[in-house]
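A short worksheet on the structure shown next.
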Amino acid sequence: WHDTDATLKIRPTQLLALMQETSNRHIATSGMSLDELREQKKLGFILSKTRVEIDRRPSAFETITVETWTNPSRSFGFNRSFLVRVGEETVAKADTFWALVGIEDRKFHKMEETGYVCRAFTPCPFSYSVGSPTRAFGRAPYCVLRH
């Protein structure tokens, strides 16, 4: 129940953490892990802006699906969008703006420099069970790319 508050509703911070985890897994489906990006290319992402709308906070043991996709890169940054669903119901959505920065040189870099293939508008959903011990112990959620 570490994902929820005293009312057994998902904590907003946990919802943001699941969005971040979904982003990490989405990048990995494109052939480059965050570890490779950091260790081999000496690059990392920074989050510049976040806009979140939560219509309903899911309750403990509800299964949520977090869907994310990127939009085409704009110069040194790009937008990433999220939808959070319980079944067919959209319970939250978010838009974020990210930039890629050199860990050593502290300069902005373009996504195209990484070799990362940005599949714009290709959503990647992952399902999580709110407050579920199986998620806490590392059972990997699934990913299905929809074309």
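The values are calculated or read from the model by the stated rules, or taken from the named source; none is laboratory data. It should be emphasised that the depicted structure is a prediction, and the values quoted were computed from it without experimental measurement. Cβ coordinates were reconstructed from backbone atoms using ideal geometry, including for glycine residues, and neighbour counts include every protein chain displayed.
Taken as a whole, the structure leaves GLU36 outside the set of residues that are assigned to a helix (DSSP H, G or I) and under 21 Å from ILE54 (Cα atoms). Of everything in segment 1-15 that is touching a strand residue (DSSP E or B) at 6+ places or on another chain (Cβ under 7 Å) and among the hydrophobic types (A, V, I, L, M, F, W, C), the residue that is surrounded by the fewest Cβ atoms within 10 Å (Cβ to Cβ) is LEU8.
Counting the residues of segment 16-33 that are assigned to a loop (DSSP other than H, G, I, E, B) and either surrounded by fewer than 16 Cβ atoms within 10 Å (Cβ to Cβ) or modelled with pLDDT of 85 or more (or both) gives 3. Filtered by the rule that a residue be over 17 Å from the mean Cα position of the chain (by Cα) and part of a strand (DSSP E or B), segment 58-105 gives SER59, ARG74, GLU89, VAL101, GLY102.
With respect to the stated conditions, ILE54 is among the hydrophobic types (A, V, I, L, M, F, W, C), within 14 Å of LEU16 (Cβ to Cβ) and over 14 Å from the mean Cα position of the chain (by Cα). From the list PHE97, PHE126, PHE82, the one residue that fits, being modelled with pLDDT of 90 or more and touching a helix residue (DSSP H, G or I) at 6+ places or on another chain (Cβ under 6 Å), is PHE82.
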